[in-house]
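To start, the structure itself, in structure tokens.
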Amino acid sequence: MRTLLEQLRIIIIFVLLGGLGWAIIENIYTINEATEGYSWLSALAILVLLFVLYRNKLQFSGWYQGDGRKKLPRNVSITLIFTSIMLIIAPFILGSLLS
């Protein structure tokens, strides 16, 4: 039962925080028409950032108390965060290069 509750919690976190993040970033991409076609890259960036947030912080405050709970290694976290930042910036670069 705890596992099911934790899965439901993960879905709610990703939907709410992902939707909030997308609502904020979407307005930035609508300023320039060339970037709108590549705005899906920022959706991937938001999902990666939420994954890092969950694995490093949120999983320790949930219902699941199993043995598999551990933080991501520091190098992996930094790499994923850097990748997310690059994915957020990429539509501006691609929009200016390909338009």
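The values are calculated or read from the model by the stated rules, or taken from the named source; none is laboratory data. If you're wondering where the values come from, they're calculated on a predicted model, not measured in any experiment. Here the Cβ positions follow ideal geometry from the backbone for every residue, glycine too, while neighbour counts run over all protein chains shown.
Of the residues contained in segment 59-70, one or more are found to be modelled with pLDDT under 90, more than 12 Å from the chain's Cα centre (by Cα), surrounded by fewer than 16 Cβ atoms within 10 Å (Cβ to Cβ) and among the basic types (Lys, Arg).
So if I check each of LEU80, LEU94, LEU16, LEU50, which one is free of Cβ contacts under 8 Å to residues at least 12 places away in the same chain and assigned to a helix (DSSP H, G or I)?
Numbers: LEU80 fails: free of Cβ contacts under 8 Å to residues at least 12 places away in the same chain; LEU94 fails: free of Cβ contacts under 8 Å to residues at least 12 places away in the same chain; LEU50 fails: free of Cβ contacts under 8 Å to residues at least 12 places away in the same chain.
Answer to the check: LEU16.
Applying the set (1) assigned to a helix (DSSP H, G or I); (2) within 20 Å of ILE89 (Cα to Cα) to LEU4 leaves exactly one unmet item: (2).
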